[in-house]
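Engineer: Have a look at the structure that comes next, please.
Here, each number is a calculation from the coordinates, and none is a lab measurement. It should be emphasised that the depicted structure is a prediction, and the values quoted were computed from it without experimental measurement. A quick note on method: Cβ atoms are made from the backbone with ideal geometry, for glycine too, and the neighbour counts reach across all protein chains shown.
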């Protein structure tokens, strides 16, 4: 199987001591490409550096809703400069998170809208974070700030069936994490993934978080190699051949992020 971890944080300090070994384990597991995601100016710069060092990897730049309180026009200008690097294939992780409320709602919304505008100006697909936003995420994307042809993925999808339908109606992709492998926590997700069109599916680790069930007893830290377990469980739940599904998701991810690495993958 060829695999693409569409969302991870190799720029997290958890990988500072064994980055090379982590990348090697990913390759051995069939993970050909990885999207390293930025959550603020510093981690976005680190994501670009990691992508530069690994030729089939990509980077995103953005400000996470948790960090919205620290965002500024100066921050966005710095991210726009970073986005000029050819390794940058997406804007994000951006969105709304009204669960933990590390930043006030109005501040989150302000900088979410500004980042939508930046991504549209740069013609970059978006990596979205949404949690407990009480429909505001969908309202913002559906109403005044709706843009024809905007591409993106709702990473680590954890919403309701209504949320899923709304995201699909907006043309968004859906990122599936190791939550699907967890018995109780993943039940609703396992029910919903059967309804997602095959051409809208992505798989991800969100590493170092959300370690899949097969690895949780042995590894506290998630890593890109473990996206294989996500894919296998997704194929099992959908009743599909893993290799065929992996090829479909590979195409989906390369299409979304506008990457052409077929020759390397083959």
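Engineer: Considering only C-alpha atoms, what is the centroid distance from segment 216-259 to segment 1-73, in Å?
Structural biologist: Their Cα centres are 17 Å away from one another.
Engineer: Taking 0.36 nm per intervening residue step and subtracting the Cα-Cα distance, what contour gain separates residue 139 from residue 188 on full extension?
Structural biologist: Numbers: separation 49, 0.36 × 49 = 17.64 nm, distance 2.33 nm.
Difference between extended and current length: 15.3 nm.
Engineer: Next question. What's the long-distance tail for segment 117-171, i.e. % of Cα pairs beyond 18 Å?
Structural biologist: 26 percent
Engineer: Okay, moving on. For residue 42 and residue 74, compute 0.36 nm times the residue count separating them, minus their Cα-Cα distance, and round to one decimal in nm. Provide the component values of the computation, followed by the final result.
Structural biologist: Values: separation 32, 0.36 × 32 = 11.52 nm, distance 1.31 nm.
Extra length available between residue 42 and residue 74 comes to 10.2 nm.
Engineer: Computed on alpha carbon atoms, what radius of gyration and Dmax characterise segment 75-206, expressed in Å?
Structural biologist: Spelled out, the Cα radius of gyration and Dmax of segment 75-206 are 14.9, 43 Å.
Engineer: Give me the distance between the Cα centres of segment 185-209 and segment 137-165, rounded to whole Å.
Structural biologist: Segment 185-209 and segment 137-165 have Cα centres spaced 16 Å from each other.
Engineer: Also, I was wondering about something else. Mind running the shape call on segment 172-227? Use the C-alpha gyration tensor, a ≥ b ≥ c as the square roots of the eigenvalues: rounded below 1.5 for a/c, prolate if a/b tops b/c, oblate otherwise. Spell out each step's value before the answer.
Structural biologist: On the way: a/c = 2.98, a/b = 1.54, b/c = 1.93.
Oblate is the answer for segment 172-227, as a/c is 1.5 or above yet b/c matches or exceeds a/b.
Engineer: Which FRET efficiency value, to the nearest 0.05, is calculated for residue 101 and residue 56 with the Förster distance at 45 angstrom and r the Cβ-Cβ distance? Mind showing how you got there, number by number?
Structural biologist: Values: r = 37 Å, r/R0 = 0.83.
FRET efficiency, residue 101 to residue 56: 0.75.
Engineer: Hey, in the GNM for the chain with a 10 angstrom Cα cutoff, which one of 219, 155, 64 fluctuates hardest?
Structural biologist: So, out of 219, 155, 64, the one fluctuating most is 219.
Engineer: Given axes a ≥ b ≥ c from the Cα gyration tensor, I'd like to know whether segment 155-266 is rounded (a/c under 1.5), prolate (a/b larger than b/c) or oblate.
Structural biologist: Numbers: a/c = 1.58, a/b = 1.07, b/c = 1.48.
Oblate.
Engineer: What ratio of Cα Rg to 2.2 N^0.38 Å holds for segment 1-50? It would help to have the intermediate numbers written out before the result.
Structural biologist: On the way: Rg = 11.0 Å, N = 50, 2.2 N^0.38 = 9.7 Å.
Cα-based Rg divided by the globular estimate yields 1.13.
Engineer: Over segment 62-209, what is the relative contact order in percent, taking alpha-carbon pairs closer than 8 angstrom and at least six residues apart?
Structural biologist: Details: 197 pairs, mean separation 27.7, N = 148.
Once normalised by length, the contact order is 19 percent.
Engineer: Let me ask something else about it. Tell me what the chain gives for mean residue ellipticity at 222 nm when only DSSP H runs of n ≥ 4 count, each as -39,500 (n - 2.57), the sum divided by the residue total, rounded to 500 deg cm²/dmol.
Structural biologist: Numbers: 11 runs with 109 residues, N = 266.
So the calculated ellipticity at 222 nm is -12000 deg cm²/dmol.
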